[in-house]
Each structure stands twice: as C-alpha cells, then as structure tokens.
Amino acid sequence: NIGAGAYQEFTLFNDTTIPFRYKITPIAMTKNKKVMDMSKWIEVYPKIVTVRPTESKKFKVFVKAKPDSLEGDYGAFLNISQMSAPKLKGEETENLGAGMVVMVNLNMGIYGYVGDEVPKIEVAEPSVYKKDGKSFLKMKVKNETNRLVKINVEIEGKKNYFYAVGETRAFKGETLVFDHEIKNLGDKKANKIIITDVETEKILSQIKLK
C-alpha cells in the first residue's frame, strides 16, 4: 500500500571469485498501460552496492505516494546494472569486474497501489477435475477492488487438512481464469476453496465444493 508507504528489502548475491558493483535506479514502466507510474516516489538505499565474492548484500526500497494521488495500481522498474569502477577508498587492490563495461543490465518490476486495504473478489464456476492422475482446480476470479490484488489459493480436504494450489495476481477489474494443480491431493476429496489476500493475510472467500 504505497498510499500509506511501503518498504521492502532485496538481496544481491555474488557466487563468483570477483567483486561486483551494482547500481540501482528507479525507471518508469511506460509500456504497461494497466498501471500508473510510481518511479518518481521510489527511494533506494544504497543506490550503489558492492558485493564481494561469496557474499550477499541487501538494498532497501521505500515508496510513498503523494496524498492527492489517484486510486489504482502503480508500477515501476528497478534497473539493476552490474558495473565496474571508479574504485572506492579501500578498494584500490581489488579487481571490480573487467574494464568499464556494464556486465548485466536488467529491469525488475515492482508494483504498489493506492486504495482499499482489504480487497474484494468474486469467484465463479469453481470445479475440481482430474487429468493424467492429477487433480486440478479451475475457476474464474474477478478483482472488484480499485487496485491490484495478490491472492493465495488453498484447498481443504478433511477438516484442517490443507493443500496448496498457488498464488496469482489480478489488476483492477480484471477477471482471471485460474487453472492450477492441487498438489498432493491424490485420491482425497476436495471440500472447500480458501482464498487469502497475500498482503493482509485476511481470508477473502471460502467456497464449499459439491
């Protein structure tokens, strides 16, 4: 919820024998028309991270929307470029990559929202079917909230026996066709679908299966 302010940590790993330096820069997600831009609100610390061989380092991201921001879904990329030089104090004897060439340049998408804290969803046509000896759950899930929602789906077999189905996300107003394997269910009967909001961990829907 970037309306209230959202914080997350990310970890960079180096399993090579050479120290690497990464620069993290927020950039706009211009091609995704389902989200508004939040890149201008993103704070990254530190912006440059050096990861030595066999080590890992974290960087932190904080996003807070302006008070008058429109309700809805927001997105941005974190551009992570692996680079070398100039060396910092104390690193004069280290080989930080090769030359002055950018070695990796990738964009990692991150998302946020301004709007209702607890989402609303509508589930239609839930069914369990068998295929190649495996059990699958199929249903339609409509996001009736004014922002993106990420849900976790489980099946209850016997009372208090739960089986993981999977996670998915839906943008504002989007209807998903959910079709996932129910792992480890085997020949046991599926009695109930339980759908939980990943962010708030609140149960959004419980549906008894016939």
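The values are calculated or read from the model by the stated rules, or taken from the named source; none is laboratory data. Everything numeric here is computed off the predicted structure, so don't read it as measured data. Note: ideal-geometry Cβ built from the backbone for every residue, glycine included; neighbour counts use all protein chains shown. Heavy atoms of the whole protein, side chains included, go into the accessibility calculation; ligands, DNA and RNA do not. Shrake-Rupley method; radii C 1.70, N 1.55, O 1.52, S 1.80 Å.
The lysines within cross-link reach of LYS64, meaning a Cα-to-Cα straight distance under 18 Å and a gap of 8 or more places when in the same chain, are LYS40, LYS47.
Calculated from the structure at hand, Cα extents along the principal axes in Å is found among (i) 48, 37, 37; (ii) 69, 45, 29; (iii) 71, 33, 31 as (ii). Placing dummy labels 7 Å off each Cα toward the beta-carbon, the span from GLU199 to TYR129 is 3.3 nm. For a straight C-alpha distance cut-off of 15 angstrom, the aspartates and glutamates reachable from LYS57 (same-chain residues fewer than eight places away being disregarded) are GLU9, ASP15.
As a test of reading the structure, rank ASP116, ASP73, ASP187 by solvent-accessible area (1.4 Å probe, protein chains only), most first.
Ranked list, largest accessible area first: ASP187, ASP116, ASP73.
Accessible area per residue was computed with a 1.4 Å probe on protein heavy atoms; THR16 scores about 50 Å². The label point for PHE62 and the one for VAL118, both projected 7 Å from the Cα toward the Cβ, are 2.9 nm apart. Mean-square fluctuations from a GNM of the chain, with a 10 angstrom spring cutoff on Cα atoms, peak among GLY115, GLY75, GLY186 at GLY186.
Rolling a 1.4 Å probe over the protein heavy atoms gives the range 114-184 an accessible area of 58 Å² per residue. Overall, the accessible surface of the range 96-210 at a probe of 1.4 angstrom is composed of carbon and sulfur to the extent of 49 percent.
Largest GNM mean-square fluctuation across ASP15, ASP37, ASP197, computed for the chain with C-alpha springs under 10 Å, falls on ASP15.
Rolled with a 1.4 Å probe across the full set of protein chains, the surface gives LYS172 an accessible area near 110 Å². The modelled label-to-label distance between ALA4 and ARG169, using points 7 Å beyond Cα along the C-beta direction, is 1.8 nm.
In this structure the range 1-92 gives 60 Å² per residue of accessible area when probed at 1.4 Å with all protein chains present. Between THR25 and GLU144, the contour length at 0.36 nm per residue exceeds the alpha carbon distance by 39.5 nm.
Given a 1.4 Å probe and heavy atoms of the protein chains only, how would you sort TYR113, TYR45, largest accessible area at the top?
TYR45, TYR113
Taking ALA124, ALA164, ALA76 as the candidate residues, the one with maximal mean-square fluctuation in a Gaussian network model of the chain, Cα springs under 10 Å, is ALA124. Give me the lysines in straight-line cross-link reach of LYS158: C-alpha distance below 23 Å, same-chain residues under 8 apart excluded. Cα-Cα hits under 23 Å: LYS130, LYS131, LYS134, LYS138, LYS183, LYS188, LYS189, LYS192, LYS202, LYS208, LYS210.
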